[in-house]
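Trainee: Just dropping this structure here.
Each reported figure results from applying straightforward, stated rules to the coordinates on display, with no laboratory input. Bear in mind that the values here come from a model prediction, so they are computed numbers and not experimental data. Here the Cβ positions follow ideal geometry from the backbone for every residue, glycine too, while neighbour counts run over all protein chains shown.
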Amino acid sequence: MILAPSILTADFLRLGAEVEAALTAGIRWLHLDVMDGRFVPNISFGPPVVRALRPLAARYDAILDAHLMIVEPERYLETFVAAGCERITVHIEASTHLHRTVQTIRALGARPGVALNPATPLGALEEILPEVDLVLIMTVNPGFGGQSFIPGGLDKVARLRQILRARRLEHIDIQVDGGVNPETIGLLRDAGATVAVAGAAIFGPDRGIASAIGALRAALGEQG
Ligand code: DX5
Ligand code: ZN
């Protein structure tokens, strides 16, 4: 299972140092929570921060994964790819022309993902599934780090895994996002998730970044 720290909960006064601590601990996938204050009730950061992180990520051969929690994401696809994002995930709820948006992400040279809020059924993926490289299952309502895991997310991940198997689309990553911690990460891996986003569990106040990452790896039964 790939660990993808969300920098939303990192100390923005020391963002570079905190991200480098995660990279030094073996992280090679950085999850960037872009929020516009309209699709979600919070505003986080945009392309300037992505551009600032790009050289650091490149030094460790790490990928930048933009989770666009914004309305009309098609307006910013080129900007985020130019800023250095290898992965761009848009919310199905925010995309009127999702097929065109996914095709545009791929045409720009990035790998497209679609995100589903907790109340959005898997059926919404029916037509777009063969076009994407990743499905993001939100296990909290988007907008903030440090929220409690929504237990229904487990069954949703398991049902999506079944669908991918049945449709011979098992190359598609299942990314889980929200409330991932040592108690939930193993359950999510067993349900079929392949990428785990963790914010507060890694950058929260009470422990060092490397040991927090080690705790998640230990919960997966992997070496620290
Ligand atoms: C929430 C974001 C998540 C969040 C995860 O809208 O999409 O990536 O930052 O943070 P934790 O792991 O703290 O729930
Ligand atoms: Zn996210």
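Trainee: Computed over the Cα atoms of the chain, what is the convex hull's projected area averaged over all directions, in nm²?
Mentor: Quarter of the Cα hull surface area: 11.0 nm².
Trainee: Another question, then. Would you mind telling me which residue in Gly199, Gly123, Gly143 has the biggest mean-square fluctuation in a Gaussian network model of the chain, where springs connect alpha carbons within a distance under 10 angstrom?
Mentor: Comparing Gly199, Gly123, Gly143 in a Gaussian network model of the chain, the most mobile one is Gly123.
Trainee: At what distance in angstrom do the alpha carbon centres of the range 157-224 and the range 109-147 lie from each other?
Mentor: If you average the Cα positions of each part, the centres end up 15 Å apart.
Trainee: I would also like to ask the following. Starting from the 7 Å offset along Cα-to-Cβ, what nm value, one decimal, do you get for the label separation of Leu122 and Ser211?
Mentor: Spacing of the two 7 Å Cα→Cβ label points: 3.9 nm.
Trainee: What percentages make up the Cα-Cα pair-distance distribution of the range 111-224 when the bins are 5 Å wide from 0?
Mentor: All Cα pairs, binned at 5 Å, distribute as 2, 12, 23, 23, 18, 13, 6, 2, 0 percent.
Trainee: So what are the three principal axis dimensions of the range 47-165 from its Cα atoms, in whole Å, longest to shortest?
Mentor: Cα extents, longest axis first: 38, 33, 27 Å.
Trainee: Compute the signed sum of charges (Lys and Arg +1, Asp and Glu -1) over the other residues within less than 12 Å, Cβ to Cβ, of Ile88.
Mentor: With Lys, Arg at +1 and Asp, Glu at -1, the net is -2.
Trainee: Express in nm, to one decimal, how much length is gained between Glu183 and His99 on full extension, taking 0.36 nm for each residue of separation and deducting their alpha carbon distance.
Mentor: This chain segment gains 26.6 nm when fully extended.
Trainee: How much net charge surrounds Leu136 when only the other residues with a Cβ under 13 Å from the Cβ of Leu136 are counted, with Lys and Arg +1 and Asp and Glu -1?
Mentor: Summing Lys/Arg as +1 and Asp/Glu as -1 gives -3.
Trainee: For the chain, what is the mean residue ellipticity at 222 nm derived from helices alone (per DSSP H run of n ≥ 4: -39500 (n - 2.57); sum divided by total residues; nearest 500 deg cm²/dmol)?
Mentor: After summing the helix terms and dividing by residue count, I get -10000 deg cm²/dmol.
Trainee: Note down, for the range 77-146, the three equivalent ellipsoid semi-axes (square root of 5 times each alpha carbon gyration tensor eigenvalue), biggest first, whole angstrom.
Mentor: That gives 20, 16, 9 Å for the three semi-axes.
Trainee: Using Cα-only point scatterers and the Debye equation, what is log10 of I(q)/I(0) for the range 161-224 at each q in 0.18, 0.27, 0.30 Å⁻¹, rounded to two decimals?
Mentor: Log10 of I(q)/I(0), two decimals: -0.66, -1.13, -1.27.
Trainee: Just to confirm the filter: which trypsin sites (Lys or Arg not before Pro) across the range 1-89 are DSSP coil and have at most 15 other Cβ within 10 angstrom of their Cβ?
Mentor: Arg28, Arg38
Trainee: Could you derive backbone 3J(HN,Hα) for the range 52-65 from the dihedral phi with the Karplus parameters 6.51, -1.76 and 1.60 (θ = phi - 60°), listing whole Hz in sequence and x where the residue is Gly or Pro?
Mentor: My calculation for the range 52-65 gives 5, 7, 4, x, 5, 4, 4, 4, 9, 6, 9, 9, 9, 10 Hz in order.
Trainee: Enumerate by residue number the GluC sites (Glu not before Pro) in the range 29-133 meeting two conditions: DSSP loop (anything except H, G, I, E, B), and at most 14 other Cβ atoms within 10 Å of the site's Cβ.
Mentor: The qualifying sites are Glu126, Glu127.
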